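A quick write-up on the structure given underneath.
Readers should treat all values here as calculations from the given coordinates under stated rules, not as data from a laboratory. For clarity, every value in this text was computed on a predicted model and none was experimentally measured. Quick reminder, even Gly has a Cβ in these numbers, built from the backbone with ideal geometry, and neighbours come from all protein chains shown.
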Amino acid sequence: MTKQEILREKILSNYREYKERWLEMTPAELIDNCTEVEAVTRMAGDVPNCASEAEADYLLRFKNPLKLVSDLWIEKYGQENCGFYEELSGILWRLTDTHDADEEYEQEQDLSSCTLDDMKI
């Protein structure tokens, strides 16, 4: 087996451990841990495909390389990261500037006299 294949197996084992822990959580706890769930799931799928032989060799030194990479991903791209807000700001700007959604998405009928109580939220 190559180092990448060994890393893939180790990361899949780490991922199974995460999933077992997540299955014991309540729905509210899962929602509170959504950043971890997203990062771990993404890294479990991507790291084995992206790691070079040398990177795989380094990551195999750790008992849980998935946690290592996921924690660093969260540190850089987690929900508190300003980069996320910059991207979201760009999306919101595009929507309001181009009105791309006007034809595809259902709109409220008359917002001129509408209050929050009137909206179906």
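Brief remarks on what is shown
- Inter-label distance for residue 62 and residue 32, nm, one decimal - labels placed 7 Å from Cα along Cα-to-Cβ: 2.5 nm
- Loop-resident sites, the stretch 1-68, for trypsin sites (Lys or Arg not before Pro), counting at most 12 other Cβ within 10 Å (DSSP): 61, 63
- Approximating the spin labels as points 7 Å out from Cα along Cα→Cβ, the residue 49-to-residue 9 distance works out to 2.2 nm.
- The share of C-alpha pairs in the stretch 3-101 whose separation exceeds 17 Å stands at 60 percent.
- Estimated from the Cβ-Cβ distance and a Förster radius of 25 angstrom, the FRET efficiency linking residue 105 and residue 72 is about 0.10.
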